[in-house]
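Q: One structure is given below, represented as structure tokens, and several questions about it will come after.
The values are calculated or read from the model by the stated rules, or taken from the named source; none is laboratory data. The shown structure was predicted, so the numbers you read here are calculated from the model rather than taken from an experiment. Quick reminder, even Gly has a Cβ in these numbers, built from the backbone with ideal geometry, and neighbours come from all protein chains shown. Just so you know, the surface numbers come from the protein's heavy atoms only, side chains and all, with ligands and any DNA or RNA stripped out. Shrake-Rupley method; radii C 1.70, N 1.55, O 1.52, S 1.80 Å.
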Amino acid sequence: MAFAKKLTRRIMVALAIAGCAVTVLPVVTMGQGLPGLTIFSGVDRDNELGYRLDFNGRPNQYDRYRLRIPARKLNLAVEQFSISYPAAYEGTFDTDRVEVRVRGESLPLDEVLWDRENRVIEIYPQQPVPAGTRVEIVLSNVHNPRNSGTHYFNALVRSPGDIPLMRYVGTWILIIGRN
């Protein structure tokens, strides 16, 4: 009788451990392509912006970047978004596949310019985005760089009637190939 209890207990423990392993694995897989925890980035926590890489940021593969700017960061209306990126980032962008989304709807754009030499993407919506609006900039058909790495993409905006200087609103810390 004691042997049967011990055997039953061991089977139950083994099933519990196996159940935990099966439950944890999908959670780890789903988390790839998201920013995760950043420690010692050099960017103030309040200036870190959220993002998602739809195809997990694999090196030398095509991806879609969803770069988010929270409403609290846009104190004034925005007539231009600029995204600057570091020289170490050697990916490519498709300016025909850039969107600015507000409440899930894509806004009409006047133009999207990619200045490769100065490493800046400039996005001009047809109408200014209202202040206090949550924005998602979607860069589709991006070809990720060949090498893994962490890349700091800076978000800058210009408001209508503003002095023609860009204002920093935050940084997306993109991780390519380190899932």
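Q: Mind listing whichever residues of the range 105-120 are open to solvent by 80 Å² or more (accessible area, probe 1.4 Å) and part of a strand (DSSP E or B)?
A: The answer is E105, D110, E111.
Q: Search the range 66-77 for residues that are in contact (Cβ under 8 Å) with a residue 24 or more places away in the chain and pair each with any residue that is acidic (D, E) when their beta-carbon atoms are under 6 Å apart and the residues are at least 6 apart or on different chains.
A: Hits for this filter: R66/E136; R68/E136.
Q: Output the number of the condition that R45 fails; it satisfies all remaining conditions of (1) surrounded by 13 or more Cβ atoms within 10 Å (Cβ to Cβ); (2) at pLDDT below 95.
A: So the condition that R45 fails would be (1).
Q: Can you name the residue in the range 146-178 that is among the hydroxyl-bearing types (S, T, Y) and part of a loop (DSSP other than H, G, I, E, B) and, of all such residues, is surrounded by the fewest Cβ atoms within 10 Å (Cβ to Cβ)?
A: S148
Q: Next question. Tally the residues that are farther than 27 Å from S159 by Cβ and among the hydrophobic types (A, V, I, L, M, F, W, C), restricting the search to the range 51-101.
A: 4
Q: State whether one or more residues within the range 79-86 are among the acidic types (D, E), outside any strand (DSSP E or B), open to solvent by 80 Å² or more (accessible area, probe 1.4 Å) and modelled with pLDDT of 95 or more.
A: No: zero hits.
Q: Residues that are acidic (D, E), surrounded by 13 or more Cβ atoms within 10 Å (Cβ to Cβ) and free of Cβ contacts under 8 Å to residues at least 60 places away in the same chain: does the range 130-144 have at least one?
A: So far as the range 130-144 goes, no, none of its residues is acidic (D, E), surrounded by 13 or more Cβ atoms within 10 Å (Cβ to Cβ) and free of Cβ contacts under 8 Å to residues at least 60 places away in the same chain.
Q: Within the range 125-165, work out how many residues are under 15 Å from F81 (Cβ atoms) and of a type in the set (K, R).
A: 2
Q: Ok, one more. Name every residue in the range 50-76 that is surrounded by fewer than 19 Cβ atoms within 10 Å (Cβ to Cβ) and in a loop (DSSP other than H, G, I, E, B), in order of residue number.
A: G50, D54, F55, N56, R58, P59, N60, Q61, P70, N75, L76
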